[in-house]
Amino acid sequence: MAGNGYNPYEEVVSVIEKAAAMLGLGENEYKMFEYPERELKVSIPVEMDDKSIKIFEGYRVQHSSCRGPCKGGIRYHPDVNLDEVKALATWMTFKCAVVNIPYGGAKGGIKVNPRELSKEELKRLTKNYTARILPLIGPDSDIPAPDVNTGEEIMGWIMDAYSMYKGQNVFSVVTGKPVEIGGSLGRREATGRGVTIITKEVLKRAGIPVKGARIAIQGIGNAGGVAAQQLENEGCKIVAISDTSASLYNDEGLDIEDILEYKKGNGVKRPLSEYNFRAGKRISDFELLTCDADVLIPAALENQVNERVARNLKAKVVVEAANGPTTLEADRILEEKGVMVVPDILANAGGVVVSYFEWVQNNQAITWEEEEVNHKLEKVMLKAFNDVLKKAGEKNTTLRMGAYMLALERLAKVNKLRG
Ligand code: NAD
């Protein structure tokens, strides 16, 4: 998030600069990727339940359509701001290039705390936001998806609003929808599944057995919750987990199934602070990030692994399930310490890969079995992991720089081919 001088957009631009320099690219070949193609700010009037009208601020940024339609999630959070949305859109362009799917990058967001709104208010907000960004989105131009505090239900509302304006069903305008209205099997779990695939691979490379590997996860939402469950199924010990209300630690491993069951509640997510756990203790967020674990998986927001966390980090591996969780300065410290960091644009790409599968299924009016989706996802993730590893090896650099170089090369090539 912005604050304390941290600006995620400036950070991503300086990583692009570094990657371009390492590749020896001329300015003409990469400068356009430091500027989003379009930035839209919208004001969204919403009739609240008490009949008053409240105006919300929203954004949609299209970073690049060079390799295909722009693609990226929509975030509902009180800290959403233009620089954050620009950074998130840029990461999407690079992420889609790393996993080599024919998409560019975009992102959207509304400055709102969705917990303060009733379900009907949230629905009106979503439908009015869709109307405001309608000139930009479309199945061949810009396809939204879920992000922080948005999920299947909200994607269904967006699809419905867009379809109403178009006068016909347009399922492929958005991904991450409920399965009953064109969602893909396996999409809900895809980001966490991708994180699990990558974590297992990186553990192998680091010479740490998957069974018994100690994992700490910040954030137990869609990305972090699924990764926790799947890594536990693989035999890992999830020693620490958190949400905005609390962080829990158990040296012997937490009971993830029980925690996730509790979190679900009766449709309304419950805070970890009120979870009545049998064994373990409460710790601070800083203690979670620096606890005695083999792998840290930040799965919440940007700017979490900062300089102080990096200096005190005990994990040997960081797998970035969140977008932009590590600051540039922290990244430099982790490199010095020899910590292996799998960058967001590779580690959390499972979501957009299965979003792409969903769009393909919608466009062809077919449905794939979940097994097929998961198998295809694994293939794409492993190929991308190996491509990044190879690029990083060739240039004797980090996985982050390897991933950025791989993506930038692909982007620059397409840009050149398009004249
Ligand atoms: P979510 O809303 O489902 O969950 C976010 C979780 O993080 C919640 O449990 C929340 O309580 C927790 N959280 C927020 N701030 C925190 C803090 N300071 N400390 C501890 N916990 C905190 O969101 P999500 O979809 O899981 O997204 C999480 C991250 O993963 C984001 O960076 C998002 O951009 C990224 N991501 C998500 C997807 C996806 O498909 N959902 C895909 C790629 C990347």
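The values are calculated or read from the model by the stated rules, or taken from the named source; none is laboratory data. All of these numbers come straight from a predicted model, not from anything done at the bench. Virtual Cβ from ideal backbone geometry, glycine too; neighbours counted across all protein chains shown. Protein only, heavy atoms only, side chains kept; ligands, DNA and RNA dropped before computing areas. Shrake-Rupley method; radii C 1.70, N 1.55, O 1.52, S 1.80 Å.
Within the range 337-364, the set of residues being surrounded by fewer than 16 Cβ atoms within 10 Å (Cβ to Cβ) and either within 12 Å of the ligand (Cβ to nearest atom) or closer than 19 Å to I197 by Cα (or both) is empty. When residues in the range 355-369 are screened for being under 19 Å from K71 (Cα atoms) and not small (G, A, S), 9 of them pass.
Every residue in the range 127-155 that is more than 15 Å from the ligand (Cβ to nearest atom) and either within 20 Å of the chain's Cα centre (by Cα) or not assigned by TED's automatic domain parsing to the domain that holds H77 (or both), please.
So the first thing to find is which residues in the range 127-155 are more than 15 Å from the ligand (Cβ to nearest atom), and the list is 127-142.
Across the range 127-155, the qualifying residues are I137, D142.
Applying the selection to the range 275-308, what residues are more than 13 Å from the ligand (Cβ to nearest atom) and within 21 Å of T196 (Cβ to Cβ)? Hits for the range 275-308 are C291, A293, D294, V295. Taking the range 231-335 and the helices (runs of 4 or more DSSP H) fully enclosed by it, the elements with 3 or more residues that are under 29 Å from S118 (Cβ atoms) and either of a type in the set (K, R) or free of Cβ contacts under 8 Å to residues at least 40 places away in the same chain (or both) are at 256-264.
Residues checked against (1) open to solvent by 40 Å² or more (accessible area, probe 1.4 Å); (2) of a type in the set (F, W, Y); (3) under 27 Å from G176 (Cα atoms):
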residue	(1), (2), (3)
D331	no, no, no
E335	yes, no, no
I366	yes, no, yes
V373	no, no, yes
A384	no, no, yes
V388	no, no, yes
A392	no, no, no
A403	no, no, yes
L411	no, no, yes
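Being in a loop (DSSP other than H, G, I, E, B), at pLDDT 95 or above and β-branched (V, I, T): is that true of I215 here?
On the way: in a loop (DSSP other than H, G, I, E, B): no; at pLDDT 95 or above: yes; β-branched (V, I, T): yes.
Spelling it out, it is not the case that I215 is in a loop (DSSP other than H, G, I, E, B), at pLDDT 95 or above and β-branched (V, I, T).
Of all residues assigned to the range 69-78, at least one qualifies as being more than 16 Å from the ligand (Cβ to nearest atom) and touching an Asp or Glu at 6+ places or on another chain (Cβ under 6 Å).
Yes or no, residue by residue, for (1) within 16 Å of G108 (Cβ to Cβ); (2) among the polar types (S, T, N, Q); (3) surrounded by fewer than 22 Cβ atoms within 10 Å (Cβ to Cβ); (4) not assigned by TED's automatic domain parsing to the domain that holds V99:
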| site | (1), (2), (3), (4) |
| --- | --- |
| K41 | yes, no, yes, no |
| E57 | yes, no, yes, no |
| R60 | yes, no, no, no |
| C70 | yes, no, no, no |
| Y76 | yes, no, no, no |
| N81 | yes, yes, yes, no |
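Filtering the range 162-215 to residues that are of a type in the set (D, E, K, R), closer than 30 Å to P135 by Cβ and touching a residue at least 24 places away in the same chain (Cβ under 8 Å) leaves K177, R187, R188.
Does C70 satisfy being of a type outside the set (D, E) and more than 17 Å from D344 (Cα to Cα)? Against the criterion (of a type outside the set (D, E) and more than 17 Å from D344 (Cα to Cα)), C70 qualifies.
E34 passes every criterion in (1) open to solvent by 50 Å² or more (accessible area, probe 1.4 Å); (2) without any contact (Cβ under 8 Å) to a residue 60 or more places away in the chain; (3) acidic (D, E) apart from (1).
Residue count for the range 102-121, restricted to those that are farther than 19 Å from T150 by Cβ and open to solvent by 10 Å² or more (accessible area, probe 1.4 Å): 1. Applying the set (1) within 16 Å of the ligand (Cβ to nearest atom); (2) open to solvent by 30 Å² or more (accessible area, probe 1.4 Å); (3) under 26 Å from S242 (Cβ atoms) to N312 leaves exactly one unmet item: (1).
Based on this model, can you work out whether A228 counts as over 20 Å from the mean Cα position of the chain (by Cα), open to solvent by less than 10 Å² (accessible area, probe 1.4 Å), within 12 Å of the ligand (Cβ to nearest atom) and touching a residue at least 24 places away in the same chain (Cβ under 8 Å)?
Numbers: over 20 Å from the mean Cα position of the chain (by Cα): no; open to solvent by less than 10 Å² (accessible area, probe 1.4 Å): yes; within 12 Å of the ligand (Cβ to nearest atom): yes; touching a residue at least 24 places away in the same chain (Cβ under 8 Å): yes.
In short, no.
Please find, within the range 156-169, the residue that is nearest to the ligand (Cβ to nearest atom) out of those that are open to solvent by less than 20 Å² (accessible area, probe 1.4 Å) and more than 30 Å from R270 (Cβ to Cβ).
Going through the range 156-169, the residues open to solvent by less than 20 Å² (accessible area, probe 1.4 Å) turn out to be 156, 158-159, 161-163.
Next, from what is left, pick out any that are more than 30 Å from R270 (Cβ to Cβ): 162-163.
Working: Y162: 20, S163: 22 Å.
Ranking the candidates gives Y162 first.
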